[in-house]
1. With +1 on each Lys and Arg Cβ and -1 on each Asp and Glu Cβ, how big is the dipole of region 7-142 about its Cα centre, in debye rounded to the nearest 20?
2. What does the extension gain come out to for Asn101 and Leu136, with contour length at 0.36 nm per residue minus their alpha carbon separation?
3. Can you tell me how much longer the chain between Asn11 and Asp33 gets when fully stretched, taken as 0.36 nm per residue apart minus their C-alpha distance, in nm with one decimal?
4. So if each residue of separation counts as 0.36 nm, and I subtract the Cα-Cα distance between Cys72 and Thr22, what length gain in nm does that give?
5. By a straight-distance test (C-alpha under 20 Å), which aspartates and glutamates pair with Lys88 as possible cross-link partners, with residues fewer than eight away in the same chain excluded?
6. Any of Lys89/Lys140; Lys24/Lys140; Lys89/Lys141 with alpha carbons more than 27 Å apart? Name them for me.
7. Please report Rg (one decimal) and Dmax (integer) in Å for the Cα set of region 7-142.
8. State the volume of the convex hull built on the alpha-carbon positions of region 79-139, expressed per residue in Å³ and rounded to an integer.
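Throughout, read-outs are computed from the coordinates displayed, never taken from laboratory work. Please read all numbers here as calculations on a predicted model, not as lab measurements. So basically every Cβ, Gly included, is an ideal-geometry build from the backbone, and we count neighbours across all protein chains shown.
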Amino acid sequence: NFKTISRDEANTSEGSWLTVITGKRPMGQFSVDSLYSPVLHSLLELPNIGCKIFPKEDNSFLYIIVVYRKDCAQGEQYADRFIELYNKKRELMCDMSNESNELKTIKSELVVAREMGTILSYLPEEIDNYISKMNLLFLKKTN
């Protein structure tokens, strides 16, 4: 009974976790600047909600929170896959040591964007538009 959502609906921390706890999608993600975040602790108290937490790269003050529904198979499965894709993106960026930061970001996004958008339950047309935008940026940067 999940549906695809607009990225706009989940582009804030509150929108991201709210779309998960209200059952619109099985998994979302947001960042906090402290593990003592009241929102994080409130989410951890909910019986059908789980969170996976990991530090954002190159930043000792930000943590990525992957919030998911425990009452469906996709919840934790998507959360684990999100973390795998996030790590893949980081590895790709590290492997491109002689590229500009902007080009690293564009290239790595092109590798993970479709699947990442799908597991975040974004609208297919928004995923397509984002990938088209990244392709155009790539062409501009390489020509």
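1. Working: 17 positive and 20 negative charges, 39 e Å.
Once rounded to the nearest 20, the dipole reads 180 debye.
2. Extra length available between Asn101 and Leu136 comes to 10.9 nm.
3. Gain in length upon complete extension: 6.2 nm.
4. Working: separation 50, 0.36 × 50 = 18.00 nm, distance 1.33 nm.
Net length gain for the segment: 16.7 nm.
5. Within the straight-line cut-off, Lys88 pairs with Glu57, Asp58, Glu76, Asp80, Glu99, Glu102, Glu109, Glu115.
6. Lys24/Lys140
7. Spelled out, the Cα radius of gyration and Dmax of region 7-142 are 15.6, 49 Å.
8. 62 Å³
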